[in-house]
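Take a look at the structure set out below.
Each value in this text was obtained by applying a stated rule to the coordinates, not by laboratory testing. These numbers come from a predicted model, not from an experiment. Quick reminder, even Gly has a Cβ in these numbers, built from the backbone with ideal geometry, and neighbours come from all protein chains shown.
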Amino acid sequence: MAHFSAYLNPVLVLFSCDLCLVRANRPPSPVNVTVTQLKANSATVSWDVPEGDVVIGYAILQQRQDGQMQRFIREVNTTNRACVLWDLAEDADYIIQVQSIGLYGESQASKRVHFRTLKETDRLPSNSSNQGDITMEGLDKDRQLQTGEIIIIVAVLLMWAAVIALFCRQYDIIKDNDSNNNKEKTKPSSEHSTPERPTGGLLRSKKSPSVNIIEV
C-alpha cells in the first residue's frame, strides 16, 4: 500500500499541474455581449474578445426563460464576433451566454443577457420602415451616380470643344500661309522681266521700179 501511494502521489501532482496550465491558458470570457436587430423570430448576438488572446471559435447557450427550450451553438475555426439566432418564438423571453473557444479549452461563460422577441404584428412596421430606408438610400445613390455621370459628360464635352477650337485655329493659320505663298508666286511678269531691245543693223529701203513709156 505504501508503494502504491508513493507511485500515485507524483501522478496526482502532474495531473494537478496540467489542470493549472489548462486553466491558465484558457481565454477570458467575452465582454460587451449585446443583442440587436430584434424581430419576432430572430435576433443578432454580438460580443468582444480581449486583445492578446488566441480565440478560434465561440459557443452560445440559448434558453427560454420559462425553461421550455434550450439550445447550444458551437462554431470553431472562425473569427466572427456575432451570431444570428433563428427559429425564436415571438413575444418570448430568452437568456443567452457566450463562451470563447481557445487552443486549450473554453472560457468561462459570460454574464447572462436577457432579451425579448417582438410580436408578429410589430414586425411589419419595422420591415416597411426598413424598406423605405433602403428605397431612399437607393434613390440617393442613383442621384449621386447621375450627378457624377453628368459631370463626367460635361467635362468630356468641354475637352472636345477645346480640341476642336485648337484644330480650327491651326487650320486658319495654315490656310493663311498657303494663300500668301500663292500670291507671291502669281505676281505680274512685268515687274521681273526686262524690256526687249531691237537688234542692231541697217534697214534697207525698197525702191519701186520705174516704167518709161515711149510713143512712136
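Each of S179, S46, S29 was scored by other Cβ atoms within 10 Å of its Cβ. Listed from fewest to most, they are S179, S46, S29.
Proximity of backbone amide H atoms, modeled 1.01 Å from N, is registered between V113 and I96 at under 5 Å, excluding neighbours fewer than 5 places apart on the same chain. Amide H to amide H distances under 5 Å link A40 with L118, where only residues 5 or more positions off or on other chains count and H is placed in the peptide plane. Remark on L85: its backbone amide H falls under 5 Å from those of A43, T44, V45, a criterion applied only to residues 5 or more positions apart or on other chains, H modelled at 1.01 Å from N. If the segment from I95 to Q170 were pulled out straight at 0.36 nm per residue, it would be longer than the present Cα-Cα gap by 18.8 nm.
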